[in-house]
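Asks: Before anything else, here's the structure in question.
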Amino acid sequence: MLLLDGKLASQAIKSELKQQIINLKNDRKPHLAAILVGNDGASETYVASKVKSCEEIGFQSTLIRLPHSASEVELLQKIDNCNHNPEIDGILVQLPLPKHINEQKIIEAIDPSKDVDGFHPVSVGRLVQGLSTFIPATPYGIMLMLEHFNIETKGKHAVVIGRSNIVGRPMSILLSSNVSKGNCTVTICHSATKNLKEICLQADIIVAALGRPLFVTADMVKEGAVVIDVGITRIEDASAKKGYRIKGDVDFENVSAKASAITPVPGGVGLMTIAGLLKNTMQAYLNRTQQG
Ligand code: NAD
């Protein structure tokens with residue numbers, strides 16, 4: 001069994017980006033602005049590791065914080081400032097947002113040329129049409145991981161569990177596209193899917209992105225399948241240092257005995273998501289500096 005180690009693969013990508021930065025002729029470095037509303041523990045952790053990764057490779061980053069009580073108008077104002085700031089290449093608004101803010105309105109307010117999370121309808125439309133675009137960071141990270149470990153995908157049957165705009169749906173589009181590490185026959189499953197176990201048993205590649213800890217069990221997995229676990233759920237555990245443990249959507253212990261390759265949680269897709277975001281930010285910078 002091959003462990004699809006996100007640490008290894010993301011380090012390789014970060015090293016490449018670091019070298020690209022060293023070779024830049026321009027004094028101005030790629031600049032990511034991250035906007036965090038409120039102080040949700042998981043969101044704080046995600047944003048902190050994105051900002052830290054920017055620093056590690058020589059990108060500039062700005063963390064813009066707003067209180068949980070901030071209004072939609074205040075957030076739109078911050079986005080507008082970033083859209084018009086020529087020194088900022090990429091903007092990300094950490095999701096989820098407080099309930100009183102319309103998430104879709106916020107996503108659509110980001111200038112598509114700075115949409116490094118790839119959630120704007122323009123980015124998604126371009127992805128569907130196979131045009132150059134910002135690919136949502138998690139599916140992008142998974143494609144980079146398949147590339148890094150040279151996983152064969154052409155002609156394989158991939159089953160994606162979950163149809164969210166940020167993971168499942170774009171993942172299904174990428175795996176079915178005529179691109180490197182695409183060309184799969186894809187089945188996308190969701191909460192209304194019947195016979196999920198039978199469908200999974202036909203999969204050469206399973207991408208589990210539903211947010212239900214240990215949902216994919218060994219009896220759902222064909223011998224030799226490649227298993228990608230996107231799930232991140234905090235499970236309270238008083239014996240753990242932080243008071244919780246992170247669990248994926250796959251029963252790693254038992255599924256790893258059948259899989260030919262599998263991602264761990266933590267240490268798998270999460271790290272690749274950051275790598276995808278950094279690659280998008282570099283691309284946004286290159287697009288903008290080449291234009292100007
Ligand atoms: P979501 O809640 O938006 O979507 C979950 C999807 O799973 C839905 O489309 C739903 O139809 C499907 N689903 C739910 N129950 C199901 C069932 N019993 N059978 C089949 N399908 C079912 O979640 P999301 O934002 O796509 O995130 C999914 C998971 O991935 C979460 O645990 C999230 O924390 C994690 N995540 C991880 C990363 C990362 O970097 N590793 C990034 C984003 C999300």
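The values are calculated or read from the model by the stated rules, or taken from the named source; none is laboratory data. All figures in this text were calculated on a predicted structure; none of them were measured in a lab. As a convention, Cβ positions derive from the backbone with ideal geometry for all residues, glycine included, and neighbour counts pool all protein chains shown. Each accessible area value is taken on the protein alone, full model and side chains, heavy atoms only, with ligands, DNA and RNA left out. Shrake-Rupley method; radii C 1.70, N 1.55, O 1.52, S 1.80 Å.
Asks: Report the gain in length on full extension from residue 84 to residue 164: 0.36 nm times residue separation, minus Cα-Cα distance, nm rounded to one decimal.
Replies: Roughly 25.8 nm would be gained on extension.
Asks: Quick check for me: using +1 on Lys/Arg Cβ and -1 on Asp/Glu Cβ, what's the dipole size of segment 215-292 about its Cα centre, in debye to the nearest 20?
Replies: 440
Asks: Which Cα, out of 81, 112, 94, lies furthest along the positive dipole direction of segment 46-135 (beta carbon charges, K/R +1, D/E -1)?
Replies: Comparing the listed Cα positions along the dipole, 94 ranks first.
Asks: Also: Between residue 241 and residue 72, how many nm apart are label points set 7 Å from Cα along the C-beta direction?
Replies: Here the answer is 4.2 nm between the modelled labels.
Asks: Once you list every other residue whose beta carbon is under 11 Å from the beta carbon of residue 227, what net charge do they have if Lys and Arg are +1 and Asp and Glu are -1?
Replies: Net local charge, residue 227 excluded: -2.
Asks: Percent antiparallel among DSSP beta bridges with both residues in segment 137-270, to the nearest 5?
Replies: Expressed as a percentage, antiparallel bridges in segment 137-270 total about 20.
Asks: Provide the packing ranking of 191-204, 27-40, 108-121, i.e. peptides ordered by the mean count of other C-beta atoms within 10 Å per residue, highest first.
Replies: Put in order of decreasing packing, that is 108-121, 27-40, 191-204.
Asks: Continuing with the same structure: Can you put 140, 46, 285 in order of accessible area, largest first, using a 1.4 Å probe?
Replies: Largest accessible area first, the list is 46, 140, 285.
Asks: In the chain, what % of DSSP beta bridges are antiparallel (nearest 5)?
Replies: In the chain, DSSP labels about 10 percent of beta bridges as antiparallel.
Asks: Any chance you could give the angle, 0 to 90 degrees and rounded to 10, that helix 269-291 forms with the longest Cα principal axis of the chain?
Replies: Helix 269-291 sits at roughly 40 degrees to that axis.
Asks: Give the accessible surface of segment 193-292 per residue, rounded to a whole number of Å², with probe radius 1.4 Å and ligands, DNA and RNA excluded.
Replies: Value for segment 193-292: 47 Å² per residue.
Asks: Sticking with this one: What is the sum of charges, Lys and Arg at +1 and Asp and Glu at -1, for the other residues whose Cβ falls under 11 Å from the Cβ of residue 20?
Replies: +3
Asks: Something else: So what is the accessible area of segment 37-185 per residue, in Å², with the probe set to 1.4 Å?
Replies: 46
Asks: Find out how many positive minus negative residues lie around residue 100, taking Lys and Arg as positive, Asp and Glu as negative, among other residues whose Cβ is under 13 Å from that of residue 100.
Replies: Once positives and negatives cancel, what remains is -1.
Asks: Mind checking the full-extension length gain between residue 287 and residue 179? Use 0.36 nm per residue of separation minus the Cα-Cα distance, one decimal, nm.
Replies: 36.8 nm is the gain from fully extending residue 287 to residue 179.
Asks: What residue among 45, 187, 133 shows peak mean-square fluctuation when the chain is described by a Gaussian network model with Cα springs under 10 Å?
Replies: The residue that fluctuates most here is 45.
Asks: Would you compute, from DSSP H runs of 4+ residues alone, the mean residue ellipticity of the chain at 222 nm, taking -39500 (n - 2.57) per run and dividing by the full residue count, rounded to the nearest 500?
Replies: Roughly -12500 deg cm²/dmol at 222 nm, from the helical runs in the chain.
Asks: Relative contact order for segment 26-111: what is it in percent, counting Cα pairs under 8 Å that are at least 6 residues apart?
Replies: In percent, rounded to a whole number, it is 40.
Asks: Among rounded, prolate and oblate, which fits segment 26-111 when a ≥ b ≥ c are the square roots of the eigenvalues of its C-alpha gyration tensor, a/c under 1.5 means rounded, and a/b larger than b/c means prolate?
Replies: Oblate.
Asks: Here's a follow-up. When the accessible area of the chain is computed with all protein chains present and a 1.4 Å probe, what percentage of it is carbon and sulfur?
Replies: Summing carbon and sulfur atoms, their accessible area is 51 percent of the total for the chain.
Asks: Another one. Straight-line reach from residue 197: which lysines fall under 17 Å, measuring Cα to Cα and dropping same-chain residues less than 8 apart?
Replies: Qualifying lysines at Cα under 17 Å: 222, 258.
Asks: Here is a follow-up. What size of dipole, in debye to the nearest 20, comes out for the chain about its Cα centre when the only charges are +1 on Lys and Arg C-beta atoms and -1 on Asp and Glu C-beta atoms?
Replies: I would put it at about 180 debye.
Asks: List the relative contact order of segment 124-238 as a percent without decimals, with contacts defined as Cα pairs under 8 Å and 6+ residues apart.
Replies: Relative contact order of segment 124-238: 23 percent.
Asks: Still on this structure: Rank 155, 186, 239 by how far each Cα sits towards the positive end of the charge dipole of the chain (+1 on Lys, Arg Cβ; -1 on Asp, Glu Cβ) and give me just the farthest.
Replies: It is 155, whose Cα lies furthest towards the positive end.
Asks: Top to bottom by accessible area (1.4 Å), largest first, where do 47, 128 land?
Replies: Sorted descending by solvent-accessible area, the residues read 128, 47.
Asks: Quick check for you: which residues of segment 136-151 have the amide N under 16 Å from the point 7 Å beyond the Cα of residue 260 toward its beta carbon?
Replies: Zone members listed by number: 146-151.
Asks: Moving on to the next point. Can you tell me which lysines have their Cα less than 24 Å from the Cα of residue 52? Leave out same-chain residues fewer than eight positions away.
Replies: Once the sequence-local lysines are set aside, what remains near residue 52 is 7, 14, 18, 25, 29, 78, 114, 241, 242, 247, 279.
Asks: Using every alpha carbon pair in the chain, what percent of pairs falls into each 5 Å bin from 0 up to the bin containing the largest distance?
Replies: 1, 5, 12, 16, 18, 17, 14, 10, 5, 2, 0, 0
Asks: State the extension gain, in nm to one decimal, for the chain segment bounded by residue 21 and residue 8, taking 0.36 nm per residue of separation less the distance between their alpha-carbons.
Replies: So the extension gain works out to 2.7 nm.
Asks: How high is the FRET efficiency from residue 128 to residue 218, r the C-beta distance, R0 45 Å, rounded to 0.05?
Replies: 0.85
Asks: Turning to a different aspect of this structure: List the relative contact order of the chain as a percent without decimals, with contacts defined as Cα pairs under 8 Å and 6+ residues apart.
Replies: 21
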